[in-house]
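The values are calculated or read from the model by the stated rules, or taken from the named source; none is laboratory data. Because the structure is a prediction, the values reported are computed rather than measured. No Cβ is skipped: glycine too gets one built from the backbone with ideal geometry, and neighbour counts run over all protein chains shown.
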Ligand SMILES: Nc1ncnc2c1ncn2[C@@H]1O[C@H](COP(=O)(O)OP(=O)(O)O)[C@@H](O)[C@H]1O
Ligand SMILES: [Mg+2]
């Protein structure tokens, strides 16, 4: 029986869908059999970031209502990675919390890991997912509302005696920091840190191109390694190791950026004329 992992957050837009696809791809490349699925039953979006929106014939509700076999609804994404889409016209009342839990458990029998992209908030849908998930990834980003909401989600987890979770800081833009990440990490007092991930143009572009299950960029994939390890073992890396890894990746990126900028800024001689820019610059 595989493990059900839920990707949760209080706030929307922090990267749950992105990381469900990215983590699914990363674990599949490590030889695991993975199913990724939308946990927001009436509002799917995972299909878009993996470019499978035109291949969906049936969905999770059809499987649950026995209108088709699970194999008919499941879309193969890449080697070791499958996708079960949510329906677009269904609400929680149509399936029921227990029904959804049973469906996920049934799916988990055929996979090493089922990763559920949970809806934002702490409402009814999330409640069902929190109950059935055996391990959680709580995603946040360094803006106050996301940090506060992550804290609230952790509180809900503790109330439900769901303690197997790790926190991920995503979409970090070093030029737009409202909170120091390490300080935020200590003030949230979570026990396990899953990953610290930058805002990356490559991630954004692959999401738009529907290719998020592919390796993103070496640097980003390396930063996902502690999260893969947490999903597989339930143990997190030492937090200072993760922060050091993030800092060294970012300083290498910053150097590349500055080098690029320096090269672009160098005056380039096109035509050597009496009044050319080249001459003017040298006066
Ligand atoms: N690390 C990242 N770097 C760049 N863009 C990101 C990153 N993570 C998420 N995004 C972008 O942020 C937006 C919201 O991400 P999404 O995964 O849809 O969030 P959620 O599922 O939590 O609502 C998307 O446009 C996505 O491409
Ligand atoms: Mg989403």
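One line per residue, one yes/no per condition, for (1) out of contact with any helix residue (DSSP H, G or I) (no Cβ under 6 Å at 6 or more places or on another chain); (2) more than 16 Å from ligand 1 (Cβ to nearest atom):
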| site | (1), (2) |
| --- | --- |
| 121 | yes, no |
| 124 | no, yes |
| 129 | yes, no |
| 136 | yes, no |
| 146 | yes, no |
| 150 | yes, no |
| 156 | yes, yes |
| 159 | yes, yes |
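Among the residues of the range 5-25, those identified as more than 17 Å from residue 135 (Cα to Cα) and either at pLDDT below 95 or within 7 Å of ligand 1 (Cβ to nearest atom) (or both) are 11, 12, 13, 14, 15, 18. Step by step: first the residues of the range 32-48, then only those that are within 15 Å of residue 115 (Cβ to Cβ) and assigned to a helix (DSSP H, G or I), then the one that is farthest from ligand 1 (Cβ to nearest atom). Which residue is that? Here the residue is 47.
All of 81, 61 fail the test of being over 19 Å from the mean Cα position of the chain (by Cα) and either within 11 Å of ligand 1 (Cβ to nearest atom) or surrounded by 21 or more Cβ atoms within 10 Å (Cβ to Cβ) (or both), apart from 61.
Which one of 38, 62 is within 16 Å of ligand 2 (Cβ to nearest atom) and over 16 Å from residue 203 (Cα atoms)?
On the way: 62 fails: within 16 Å of ligand 2 (Cβ to nearest atom).
None of the others qualify; the one that does is 38.
Taking the criterion of being free of Cβ contacts under 8 Å to residues at least 40 places away in the same chain and more than 16 Å from ligand 2 (Cβ to nearest atom), the residues of the range 198-215 that qualify are 199, 200, 201, 202, 205.
Return yes or no: is residue 51 surrounded by 15 or more Cβ atoms within 10 Å (Cβ to Cβ), in contact with a strand residue (DSSP E or B) (Cβ under 9 Å, 6 or more places away or on another chain) and in a helix (DSSP H, G or I)? Before the answer, list the steps.
Values: surrounded by 15 or more Cβ atoms within 10 Å (Cβ to Cβ): yes; in contact with a strand residue (DSSP E or B) (Cβ under 9 Å, 6 or more places away or on another chain): yes; in a helix (DSSP H, G or I): no.
Here the answer is no, as residue 51 does not meet what is asked.
Residue 129 meets all of the listed conditions (1) surrounded by fewer than 22 Cβ atoms within 10 Å (Cβ to Cβ); (2) within 16 Å of ligand 2 (Cβ to nearest atom) but one, namely (1).
If you scan the range 1-31, which residues turn out to be more than 14 Å from ligand 2 (Cβ to nearest atom), out of contact with any strand residue (DSSP E or B) (no Cβ under 6 Å at 6 or more places or on another chain) and assigned to a loop (DSSP other than H, G, I, E, B)? Listed by number, the residues that qualify are 1, 30, 31.
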